[in-house]
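The values are calculated or read from the model by the stated rules, or taken from the named source; none is laboratory data. No experiment lies behind these values; they were computed from the predicted model shown. Every residue, glycine among them, receives a Cβ derived from its backbone with ideal geometry; neighbour counts consider all protein chains shown. Each accessible area value is taken on the protein alone, full model and side chains, heavy atoms only, with ligands, DNA and RNA left out. Shrake-Rupley method; radii C 1.70, N 1.55, O 1.52, S 1.80 Å.
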Amino acid sequence: MPRPGPRLRLVDVAERAGVSLATASRALAGREGVSEEVARHVRQVSLELGYVANPYARTLAGGASTTVGLIVHQIDDPYFSEIASGVLQVAAEEGLLVQIAHSGRDPQNELRQLRHLIAQQVGIILIAGSGYDDPRVEAEARAELAGFQRAGGRVAVIGRHALGVDAVVPDNEAGGRDIGAHLLGLGHRRIAVAAGTPGLTTVADRLSGVTAALAAHGHSPGDLAVVHSDFTRDGGRVATERILHYHPDTTAIIALNDAMAIGVLSVLRSRRIPVPERVSVVGFDDVSVAADLAPSLTTVRLPMTEMGRMALTLALKPRSTRPRRRSTGHTLIVRDSTGPAPATGG
């Protein structure tokens, strides 16, 4: 049962009235976008429950609390730009503002951004980007989000495993399996991975999918050359230089995101190594420019704009007793950057 008196939260009113948090806040604040019938119903439920508004618990009622805080890892990465686009679409439909923060894949910076958004009394917090495989790193963020939710805030995340909140879960491991199977089917055996920053769960999951495909086809995952670097275009360049130096017989390079794949293609082009005749290249995400690269990039498509929409839509729903999970699905998009393995690796 909802708690009586001033400790009652706006979320309790929204859930009893059967409306979203945003609708309840607009109804009680007398804002546009809610029919008079719905507004009357929400006000009646509020009176019956004895809800007493205050500037913080009145989440999304007005001012700064109409703001959605979105934390992304890398603002110049098209993956996050497309996710942000989906968030902005839903926010516009709901009459909300979006404040975007950049963590740089630094968990301590992410925590600082999270605390800043909470201090600004945003109504909803979304976090997009990989989690960290050290549970101690995630514990502080989980505690901050739990307190924020207890105070009436809403949370949803994209690509996080361990924060105990509603989550959109990219098909990372299954996509990795499809990449591995695709390259093996083309005859590639000397495969290298530009793996991105170690310690990220997205990197671990995608790599796990690739190694699972190798094992399923009777190959040792130990034969896979894995080179870690930053999860960026420049990181793709660095990883490729290392692969070409230490594993010169490589016939296929898997970049665990498209930003890295762009860096891979850049180095191969500068070295005049033909793609895919000499080395095939695969990415992951299918950012909007992937089809326009030369050669066009074979990659795993994730519905990134829809992922942003899904996350904010989840956060706007009445809270459930258990965190909800929404899987994204994926599609392997085969383009010009992959082809049969050359007869020799040399």
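A few notes on this one:
- Test: residue in the range 231-252 that is open to solvent by 20 Å² or more (accessible area, probe 1.4 Å), acidic (Asp, Glu), over 30 Å from Val72 (Cβ atoms) and outside any helix (DSSP H, G or I): yes
- Of everything in the range 151-164 that is under 15 Å from the mean Cα position of the chain (by Cα) and crowded, with 23+ Cβ neighbours inside 10 Å, the residue that is farthest from Arg206 (Cα to Cα) is Val155.
- Residue in the range 312-335 that is at positive phi and of a type in the set (Gly, Ala, Ser) present: yes
Yes/no per residue for (1) crowded, with 21+ Cβ neighbours inside 10 Å; (2) out of contact with any Cys (no Cβ under 8 Å at 6 or more places or on another chain); (3) aromatic (Phe, Trp, Tyr); (4) closer than 30 Å to Thr250 by Cα:
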residue	(1), (2), (3), (4)
Ile100	no, yes, no, no
Leu117	yes, yes, no, no
Val168	yes, yes, no, no
Glu173	no, yes, no, yes
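- Boolean, Glu277 is within 24 Å of Val72 (Cα to Cα), open to solvent by 20 Å² or more (accessible area, probe 1.4 Å) and in contact (Cβ under 8 Å) with a residue 40 or more places away in the chain: no
- One residue stands out among those in the range 280-300 that are among the small types (Gly, Ala, Ser) and farther than 20 Å from Glu82 by Cα: the one that is surrounded by the fewest Cβ atoms within 10 Å (Cβ to Cβ), which is Ala294.
- Residue in the range 189-196 that is open to solvent by less than 10 Å² (accessible area, probe 1.4 Å), in contact with a Gly (Cβ under 8 Å, 6 or more places away or on another chain) and charged (D, E, K, R) present: no
- Qualifying position, being at pLDDT below 95 and closer than 30 Å to Thr240 by Cβ, among Gly175, Gly196, Gly187: Gly196
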